[in-house]
Ligand code: GLN
């Protein structure tokens, strides 16, 4: 079995665990809650959940987990959802006062709470490439979600593969900043799920639905192939 860790410092880690422990995934993985470097050392892959990115980074630092996490990301498989996606990004806008420590690993620029305060949360039906039964849309749950501002892979980085976008019509309107309105479907701000190399990033919360196809995708397309090539 593949050992999948879930960073369990704060946020929606129990919900991710419940998703992995349902069929058809449960026979393929063993789940570990990660709070220490010793827990992390047991894992083949890691999920960083949604929650609050600044708090999570502060907790990770105080537990001596920041460096072990960065090292893990360089060699193993990681999936970040929402706050977890922020932590995996290369740079962040709209960080809290006092700054935001990042783990990095995925070459994107992201904006924390990027849809602004007037529309903090919404749901949208997503078409996701490669998901089982992909003609059935996946419900994206966006809660004070981050927004991808740009993809910046260096020539030596693995390419970025976009696997889900929102159509501009589904996006929250920024009434106070009409010039920031998204109208073009190729705008990076429409991107809500992507892969880079072994890693997966989603700006929404698949663990807060009752559909575990995204978790199945992660195990099938990211975790298990990495064990075969290891
Ligand atoms: N806005 C949160 C942050 O900055 C993320 C929200 C979430 O994970 N639902 O970390």
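The values are calculated or read from the model by the stated rules, or taken from the named source; none is laboratory data. In this text the structure is predicted, and so the values were computed from the model without any measurement. Cβ placement follows ideal geometry from the backbone for every residue including glycine, while neighbour counts extend to all protein chains displayed.
Residue 139 satisfies every condition listed in (1) part of a strand (DSSP E or B); (2) at pLDDT below 95; (3) under 22 Å from residue 24 (Cα atoms) except (2).
Listed by position, the strands (runs of 3 or more DSSP E) contained in the stretch 21-132 that have at least 1 residues being closer than 28 Å to residue 187 by Cα are 45-48, 77-81, 89-93, 106-111, 121-126.
When you check residue 186 against the structure, is it outside any strand (DSSP E or B), at pLDDT below 90 and surrounded by fewer than 21 Cβ atoms within 10 Å (Cβ to Cβ), yes or no? Please lay out each step first, then the result.
Values: outside any strand (DSSP E or B): yes; at pLDDT below 90: yes; surrounded by fewer than 21 Cβ atoms within 10 Å (Cβ to Cβ): yes.
It is true that residue 186 is outside any strand (DSSP E or B), at pLDDT below 90 and surrounded by fewer than 21 Cβ atoms within 10 Å (Cβ to Cβ).
Among the residues making up the stretch 104-119, those that are modelled with pLDDT of 90 or more and away from the ligand (no atom under 13 Å from the Cβ) are 104, 105, 106, 107, 108, 109.
A single member of 153, 159, 206, 225 is within 26 Å of residue 45 (Cβ to Cβ) and surrounded by 17 or more Cβ atoms within 10 Å (Cβ to Cβ), and it is 206. Here is the figure for the stretch 48-60: residues that are over 13 Å from residue 7 (Cα atoms) and more than 8 Å from the ligand (Cβ to nearest atom) total 1.
Regarding the stretch 13-25, can at least one residue be identified that is under 22 Å from residue 111 (Cα atoms), in contact (Cβ under 8 Å) with a residue 24 or more places away in the chain, within 16 Å of the ligand (Cβ to nearest atom) and touching a strand residue (DSSP E or B) at 6+ places or on another chain (Cβ under 8 Å)? Checked the stretch 13-25: no residue is under 22 Å from residue 111 (Cα atoms), in contact (Cβ under 8 Å) with a residue 24 or more places away in the chain, within 16 Å of the ligand (Cβ to nearest atom) and touching a strand residue (DSSP E or B) at 6+ places or on another chain (Cβ under 8 Å).
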